[in-house]
Amino acid sequence: MGSRLWFLLLGVLLLWCSSCSIVNCLGVNWGTMATHMLPPKTVVQMLKDNGFQKVKLFDADSTTMNALAGSNIEVMVAIPNDQLQAMTDYGNAQEWVKRNISRFNFNGGVNINNRYVAVGNEPFLKTYNNSFINITFPALQNIQNALNEADVGDTIKATVPLNADVYFSPDDQPYPSAGRFRPDINDLMTQIVQFMNKNKAPFTVNIYPFLSLYGNDNFPFDYAFFDGAAQPVVDKGTGIQYTNVFDANFDTLVSALKAVGLGDMTIMVGEVGWPTDGDKNGNVGNAYRFYNGLMPRLASNRGNIKRGYIEVYLFGLLDEDAKSIAPGSFERHWGIVRYDGQPKFALDLSGQGQNKLLVGARGVDYLPQKWCAFNPNAKDLSKLADNINYACTFSDCTTLGYGSSCNGLDANGNASYAFNMYYQVQNQDDLACNFEGLASVTTQNISQGNCNFMIQIATSSAGILGPSVVVVLLVLGFVTLLVV
């Protein structure tokens, strides 16, 4: 291909859809799987203070919806996976729309016009072992039909947020232009995308370059970011050079859609982000690098190599200490702000490179400045491992894992961290800092270096953290925590 023709073609391919700018295309996911949650009104104000005009929820909780009412923030609501079965009954779908859409859809209510309903979240993950295979499409159909019946179907569309594992490139053609839907769900995916396209709903995809690195030391590190890999990957089918895995992943989806006759279907990025803890690659420095590449990219009106996307939602807003860590300990550390709404790193949401700390949550109430620490005068250490195990089972010890921010603590520090996390989850109840005489309360901040011994926020609706699997080993007198 001649050089002039190549550059002309590339210029055409890089055009972003003209209606999209970083102001009206950027949103953020607001998850609420935490033991102590900020008041929803506080979170809404933080969204407004930072200029977010769109937010994506993982349910349609009435407290959250009431807080968003009158804010003019565009809201995408969701039906959790555990409600999909119920939505296969059309009457239930009608009731859901009435209770969660129609009730809030009025002047001065929640801004859900020209928005979307997420039906499930990544329901076809391989780890779900086909649990939602037979119910997702019927639920999607029923919700869209119920929206149509409620006379809002022209402006509110039902979509299914899907993980990037629903499509792939075969081993003998490992490049984006060979993208196809997974063979085990190809027929189902074809039906779903045809239905969504017919109803003018977008394909919603969650893409995580971090996960390409996670557990794969052979993956080229720089290829996970936007500032250019040393050796671009060349698509042998098109000749296009890819300098980052996000573009390659996205274009694999475009090819998969094209293979079923819908190459022009609208695409929305439902989740993209980088965790700041819980893994050797999950840290503030890498998150800063990732977002510092993503934001200017969105601001420059550039889409992906093949074409653009209508909206992009960062994942996520807040850290969530009650999320399942089955995928990895990093799951509780995706927030661009901490559990208390305070910023972690400098970020320019306008993409102009003028990085500064986000505006934090205002008026946050904290529990008293008290910590639970290992008692160095304890005589009987025979039950130390059992007590640490208990503390970490019912609190969040994920920052103690390999490569995480608190991984460098000594045996006493590990014990103190575990005890304090449990103490804070239990709202600093005096009975929660004893551990058979192995712990005591202190008013001295026992944080060490980059390892923060947190003070939990005060809330009237503290939740209980479900058990995670924690293995505690006594090795040469040191307590090693392996969170798995």
**Q.** Yes/no for ASP59 being touching a Pro at 6+ places or on another chain (Cβ under 7 Å) and open to solvent by 10 Å² or more (accessible area, probe 1.4 Å)
**A.** yes
Q: Could you please give the count of residues in the range 166-197 that are in a helix (DSSP H, G or I) and open to solvent by less than 40 Å² (accessible area, probe 1.4 Å)?
A: 12
Q | Cβ pairs under 7 Å, 6+ apart, first in the range 194-209 and over 18 Å from ARG307 (Cα atoms), second open to solvent by 30 Å² or more (accessible area, probe 1.4 Å) and assigned to a helix (DSSP H, G or I) | A | PHE195/GLN141
Q.
Taking the condition of being assigned to a loop (DSSP other than H, G, I, E, B), open to solvent by 60 Å² or more (accessible area, probe 1.4 Å) and farther than 27 Å from TYR291 by Cα, how many residues in the range 218-266 meet it?
A. 4
Q: Please indicate, with yes or no, whether at least one residue in the range 391-400 is part of a helix (DSSP H, G or I), β-branched (Val, Ile, Thr) and more than 18 Å from ASN445 (Cβ to Cβ).
A: yes
Q) Within the set of pairs 6 or more residues apart or between chains, which connect a residue that is within 14 Å of GLN456 (Cβ to Cβ) and among the small types (Gly, Ala, Ser) inside the range 319-338 to a residue that is at pLDDT below 95 and in a loop (DSSP other than H, G, I, E, B) with Cβ atoms less than 9 Å apart? A) ALA322/GLY463; ALA322/ILE464; ALA322/LEU465; ALA322/GLY466
Q: Restrict the check to the range 368-376 and report whether at least one residue is among the basic types (Lys, Arg), surrounded by 14 or more Cβ atoms within 10 Å (Cβ to Cβ), under 17 Å from the mean Cα position of the chain (by Cα) and assigned to a loop (DSSP other than H, G, I, E, B).
A: no
Q. Would you pick out the residues in the range 407-459 that are in a helix (DSSP H, G or I) and either open to solvent by 20 Å² or more (accessible area, probe 1.4 Å) or among the acidic types (Asp, Glu) (or both)?
A. ASN412, TYR422, ASP430, LEU431
Q | Among (1) under 20 Å from the mean Cα position of the chain (by Cα); (2) β-branched (Val, Ile, Thr); (3) surrounded by fewer than 21 Cβ atoms within 10 Å (Cβ to Cβ); (4) farther than 20 Å from VAL312 by Cβ, the one test that ILE73 misses | A | (4)
Q) So which of ALA158, ALA118 ends up being in contact with a Ser or Thr (Cβ under 7 Å, 6 or more places away or on another chain), in a strand (DSSP E or B) and in contact (Cβ under 8 Å) with a residue 40 or more places away in the chain? A) ALA118
Q: Could you please let me know if LEU38 is open to solvent by 10 Å² or more (accessible area, probe 1.4 Å), at pLDDT below 95 and of a type in the set (A, V, I, L, M)?
A: no
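The values are calculated or read from the model by the stated rules, or taken from the named source; none is laboratory data. No experiment lies behind these values; they were computed from the predicted model shown. Here the Cβ is made from the backbone with ideal geometry for all residues, glycine too, and neighbour counts use every protein chain on show. Just the protein is used for accessible areas: all its heavy atoms, side chains included, with ligands, DNA and RNA removed. Shrake-Rupley method; radii C 1.70, N 1.55, O 1.52, S 1.80 Å.
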